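Presented below is the structure to which this report refers.
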Amino acid sequence: MADEQVELSVPEAMAEDLQRLIAIGGNVVEQVITAAADLLPASTVQRYTRQLAHKLNMGFHNVYVVTRILSNLRLSQERSKLPPKNFLDKVTSSLEGLGAPWDLELLEKWRSVVPVLELALSSLTTDSNLMISTKFTRLTFARQNILHSSSIVTDLRPVFDEARNKIRGMIATQSLIIVYSAENNERRELHLTLDRLDVASLKEECERAELKAESIAQEMRGCDWHTIIYPEPDPS
């Protein structure tokens, strides 16, 4: 596809991210790319960024701005089917048409980091560790609902006599409370009544799941690919 046939418009959110990247500086981008070359993929870009920040002894926020933007730029470049330089030329043209706050001074600062971004995008192949972590992120959360938390609450519920002034008995109930987000990212709560056998069954299923995860980790040792049992430990 000829370059002139490719239309590229930088969304407002991306333009704001690029301003943050300019403030951080091309030097940090270079350090992140160098450190990322031999860092194994992680289950999410956030976890991959924590490992990078730990390795570089930098703050998580700045490193995450870089990894998130590089990942998004690489995906956009891939969709455009343009080489890095031509793609970044299109980005520059789009930024020039945005107006405030993209004045001459800010655009000049942007152009100063473009060569670093061109080298970064050239090194970020589909099989690079950052992009594999990006794919892991999508696979990890490509579910209709995402669990945020769960708890089991025990209630004692009284039974009163007919006059309602004397307790005749008590019954203990268990409720499983699940907090999750749906497809539209709306946070919801689900309350499920459990009996004693349900609690025992849940405990057994959790123990089986832990055992299966351990078995997978052991069986995959020595394979040519990197296997992650989500979530992997944070760097200490």
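Readers should treat all values here as calculations from the given coordinates under stated rules, not as data from a laboratory. Please read these numbers as outputs of a predicted model, since none were measured by experiment. When we count neighbours, we look across all protein chains shown, and the Cβ atoms used for this are built from the backbone with ideal geometry, even at glycine.
Here are some notes:
- Mean separation of Cα pairs under 8 Å and 6 or more residues apart, divided by the residue count, gives the chain a relative contact order of 20 percent.
- Three-way shape call for segment 146-219 based on the alpha-carbon gyration tensor, with the a/c threshold at 1.5: oblate
- If you count Lys pairs in segment 81-236 whose Cα atoms are under 29 Å apart, skipping same-chain pairs closer than 8 places in sequence, the total is 9.
- Stokes-Einstein D in µm²/s, Kirkwood radius over Cα pairs - segment 8-134 at 10 °C with 1.306 mPa s viscosity: 108
- Considering only alpha-carbon pairs that sit under 8 angstrom and 6 or more positions apart, the relative contact order computed for segment 3-141 is 39 percent.
- Separation of the residue 40 and residue 163 label points, Cα + 7 Å toward Cβ, nm: 7.1
- Correct option for Cα extents along the principal axes in Å [calculated from the coordinates] among (i) 82, 51, 33; (ii) 82, 49, 38; (iii) 67, 35, 27: (ii)
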